[in-house]
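Before any comments, here is the structure.
The values are calculated or read from the model by the stated rules, or taken from the named source; none is laboratory data. On a predicted model such as this, the values are computed, not experimentally measured, just so you know. Positions of Cβ are generated from backbone atoms using ideal geometry, with glycine treated the same way; all protein chains shown enter the neighbour counts. Just so you know, the surface numbers come from the protein's heavy atoms only, side chains and all, with ligands and any DNA or RNA stripped out. Shrake-Rupley method; radii C 1.70, N 1.55, O 1.52, S 1.80 Å.
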Amino acid sequence: MDSSQIEMVENPENSHPPCNQWKNYVPDTSKLYKTPMRYLKVNFHIMQRADGSGNFDEEAAINYVNMLLWISNLTLESKNQKMNLPVGNNTEVLPPRYQYVLTPDPSIPNDDGIYFHQDEELYFMVSRGRDKDIFKKDVIHKYAIQKDEVINIFFMAHHADSLKAESYHGTDIGVALGTSVKLLGLKTNYDKPIDDTNTVFYREWFMQGLLNHEIGHVLGLSHSWIKHDRCPDTPPHTNCWNYSAPPCNHVSNNVMDYNVYRSAWSPCQIGIVHNNLSNKDSRQRKLLVKNWCDLDPNKTVKIRTDEIWDSSVDLFGNLIVENDATLTINCRVSIPKGGKIIIKPRGKLILGKTCLLENDCDDEWEGILLQASSKEKGKVISYGTPIFKNMKHSIQK
Ligand SMILES: [Zn+2]
């Protein structure tokens, strides 16, 4: 590190490190390079009885999985709804900025990421009553594949004996356990309508709500009808499933409530998810397709006005601070392999106290290039001792 190129100054304010606050991870639609689209790895396990019955057969399961993934991704990508609650709200509708990717295990030949298990002991889940076992993890312990890096989603069946009992409701439910998800009843209810209008069935278009809800838990979200879900934009309410007499004349559409809509993500919820996905110590970050390692020349970020980065950022291209602009970096920034930070002659880079510039993939990035004109030269100013990791060259003219 050539420290002669850095001007050291006192920190103007002893502010609390901002890098782990959800507020700083809410997407700014004019600066989406700070919230890149994230791709979460998923695989699916279809639990069948010993003779292969009791759940989708192979062909139906593959169709169902692909359709469910497509619809869940479409909902996330382009169908986030305005929040129903509180009544009269002005809550912004922002892009959730994550998607799911079916992920085979590279160590299994011809793997497609969809697995079938015939297991008389573990094919079922009991959702209520004396034998309720929804929180049991034995099916996960036995069959999960790439467990810490991939969200394992299990299609469980109702127990054959439970379905015979008249009092048993073979409802769809889901449960998230760590980085795995168990979904119950998708096959049993496939042809059932959700209400007496007989227009919507418990099929993929409807079940995206359950999948997105359970993955919401995996990503760190709580139920949103409760008071302490950490989100000021998701008010407590009575959690009505659908419209009926008061208090159900107002029904939430939030994905983390129990309701027929489950298609609204609030800014706070999106912020919590991206805070977790950017935190190097979180279990959620390990579930991401790590696509920020190599330089993409088409993804150069140009800073044209003053900006302060109070969140961790994974860059995919070079970073340029243009003339008359100042960029302040207060958190971790990953620069891709071979990438550089370029400061134009009248540009300025401020490195805050908790700043870390690195390549997150243990490769080298080029370094910081200070461009000069006849009169001026790009500046780097530091409010402490910024940490540089994997930087090939010290700061250069
Ligand atoms: Zn839940």
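Put a plus charge on the Cβ of each Lys and Arg, a minus charge on the Cβ of each Asp and Glu, and nothing anywhere else: the dipole of the chain about its Cα centre is then about 1260 debye.
Taking only the Cα atoms of region 34-83, the radius of gyration and Dmax are 15.3, 50 Å.
Anything over 28 Å Cα to Cα? Flag those among K23/K290; K182/K290; K299/K348; K136/K164; K82/K187, in the order listed. K82/K187, as the Cα separations exceed 28 Å there. When GluC sites (Glu not before Pro) are flagged only if DSSP places them in a loop and at most 14 other Cβ atoms lie within 10 Å, the longest unflagged stretch of the chain comes out as 167-375. Between the residues T29, S382, H141, the greatest Cα displacement towards the positive end of the dipole of the chain, with unit charges on the Cβ of Lys, Arg, Asp and Glu, is found for S382.
In the chain, what percentage of the DSSP-assigned beta bridges are antiparallel, given to the nearest 5? Bridges in the chain are about 10 percent antiparallel.
Applying both filters, DSSP loop and at most 12 other Cβ atoms within 10 Å, to the chymotrypsin sites (Phe, Trp or Tyr not before Pro) of region 100-198 gives F135. Volume of the convex hull of the chain (Cα atoms only), normalised per residue: 165 Å³.
Considering only alpha-carbon pairs that sit under 8 angstrom and 6 or more positions apart, the relative contact order computed for region 37-278 is 22 percent. Between the residues S282, P232, I350, the greatest Cα displacement towards the positive end of the dipole of the chain, with unit charges on the Cβ of Lys, Arg, Asp and Glu, is found for I350.
Annotation: per residue accessible area for the chain equals 47 Å², rounded to a whole number [probe 1.4 Å, protein chains only]. Of the solvent-accessible surface of the chain, computed with a 1.4 Å probe and all protein chains present, 49% belongs to carbon and sulfur.
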